[in-house]
Amino acid sequence: MGFNALLVRKDDEGKTSAAVEQITEDQLPDGDVTVAVEYSTVNYKDGLCLGPGGGLVRNYPHVPGIDFAGTVEASNDDRYAPGDKVVLTGWRVGEAHWGGYAQKARVKADWLVPLPEGLDTRLAMAVGTAGFTAMLAVMALEYHGIKGGPVLVTGAAGGVGSVAVAILSALGHEVAGVTGRPETADYLKSLGASQIVAREDINETTKRPLEGETWGGCVDAVGGPMLARVLGQMEYGASVAAVGLAGGAGLPATVIPFLLRGVNLLGIDSVMQPYENRLRAWERISQDLPMDKLEAMVQPATLTDLPKLGADILKGQVKGRVVVDVN
Ligand code: NDP
C-alpha cells in the first residue's frame with residue numbers, strides 16, 4: 001500500500017524541487033527496523049536538504065527529515081519489536097539516508113533510541129535534534145563548570161537557542177539571549193531569559209581580544225564573528241559550547257581568551273553521539289526541560305508546509321520549534 005512522502009527530486013539542470021508523493025515500502029532503503037513515523041521537525045540542516053542540499057544529500061530522489069519519532073512496525077533486530085515507540089536523531093539520516101518526512105522510514109536499529117519516559121512522540125519532536133543538541137551543550141558546560149555570571153545563548157529565538165534558554169533557566173541559571181529579532185523579547189523572557197542582547201551589539205568583530213568578563217557560560221548556535229566576540233567576553237575559566245553556524249562557519253578570533261583567561265571552546269556534535277550519551281541526554285531533557293515552556297515553542301506543520309519552512313529556517317525566520325505531523 002502506498003503512503004505519503006516528501007520527495008526532493010533533481011532535474012537535468014541540477015535544480016531541486018520538493019513535493020509530497022505516494023511511494024511504496026519497497027522503495028524504502030535497507031534497514032533492520034521499519035517505523036510508522038508520527039512526527040518529524042524542521043532543523044537548520046533540513047532547510048538545506050529541502051533545497052539544493054548544501055552538499056549533504058548524496059542521491060536523488062531524496063526524503064529529507066533528520067529526525068523522527070514513531071512506532072515500530074516491523075523489526076529484524078532483538079532490541080525492537082512492533083508497537084515500540086522510538087526516536088531517531090542524527091547518523092546522517094535525512095541526508096545520506098532517507099529520513100522522517102514520510103509516513104514510514106526504514107533505518108538501522110543502532111540509530112534508534114526508545115522514546116524517553118515522560119515524552120510522547122509529538123513532544124519528542126518538539127525537542128528534536130535542535131533540543132537534543134541544546135541539552136548536549138548544557139551537559140558539556142556543566143561538565144566543565146558554569147561560572148557565576150549569566151549564561152549567554154546566541155541565536156536565542158531559534159530551535160537550539162529556545163530549548164537552551166528554557167533548560168538553563170529551569171536549572172536556576174541567569175540567562176541572557178542574543179537575538180536579531182527584537183519582537184521575540186517577550187517570547188524569550190517567557191522561556192526564562194532575564195536579559196536580551198541585540199544581535200548588532202555583539203555581531204561585530206572588535207580589535208580588542210579581551211573585553212569585560214561578562215558571561216559564566218555560553219551556548220552558541222551562531223558561530224562566525226559573534227562567537228569570536230563572545231570568547232573575549234567570557235569570565236575567567238568559563239566555557240563556550242559551539243553548536244552551530246547560523247552566522248557563519250568562520251572564526252575570526254585570537255587565541256588570547258584561551259591563554260589569558262583559560263576560556264574553553266567545547267565542540268558539540270549531535271550526529272555521531274554514542275548510544276549511552278543519547279540516553280543520558282534524553283533523560284536529562286525529560287527531567288530538566290519544563291513541558292509548558294516546550295509547548296510554548298511549538299508551531300505545528302504538515303508535509304506540504306515543508307518547502308516553505310525549509311526556506312524560512314535558512315533565513316533565520318523560524319521561531320522556536322516546528323513539529324511536523326506527517327500523517
Ligand atoms: P534556527 O534557524 O532555528 O536557529 C538559528 C538562529 O540563529 C536563528 O533563529 C537566529 O536567531 C540566529 N541567526 C540566524 N542567522 C543569523 C546570522 N546571520 N547572524 C546571527 N544570528 C543568526 O536553527 P537551529 O536552532 O535548528 O540550528 C542552529 C544552528 O545549530 C545551525 O547552524 C545548525 O546547523 C546547528 N546545529 C548543530 C548541531 C550539532 O550537532 N552541532 C545540531 C543541530 C543544529 P535570532 O533570530 O534569535 O537572532
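Only the coordinates and a few stated rules stand behind these numbers; no lab work does. Computed from a predicted structure; not experimentally measured. Virtual Cβ from ideal backbone geometry, glycine too; neighbours counted across all protein chains shown.
The length gained on full extension between ALA109 and ARG280, counted as 0.36 nm times the residue separation minus their Cα-Cα distance, comes to 59.7 nm. When each of the peptides 189-196, 233-240 is scored by how many other beta carbons lie within 10 Å of its residues on average, the order from highest to lowest is 233-240, 189-196. Among the GluC sites (Glu not before Pro) in segment 70-117, those placed in a DSSP loop whose Cβ has at most 11 other Cβ atoms within 10 Å are GLU117. Extension gain for ALA249 to ASN203 (0.36 nm times residue separation, less C-alpha to C-alpha distance): 15.2 nm. Restriction of the trypsin sites (Lys or Arg not before Pro) in segment 1-64 to DSSP coil positions whose beta-carbon has at most 10 other beta-carbons within 10 angstrom yields LYS15. Taking label positions 7 Å along the Cα-Cβ direction at both ALA296 and ASN76, the computed distance is 4.7 nm, reported to one decimal.
Extension gain, ASP186 to ILE256, is 21.6 nm, computed as 0.36 nm per intervening residue step minus the present C-alpha separation.
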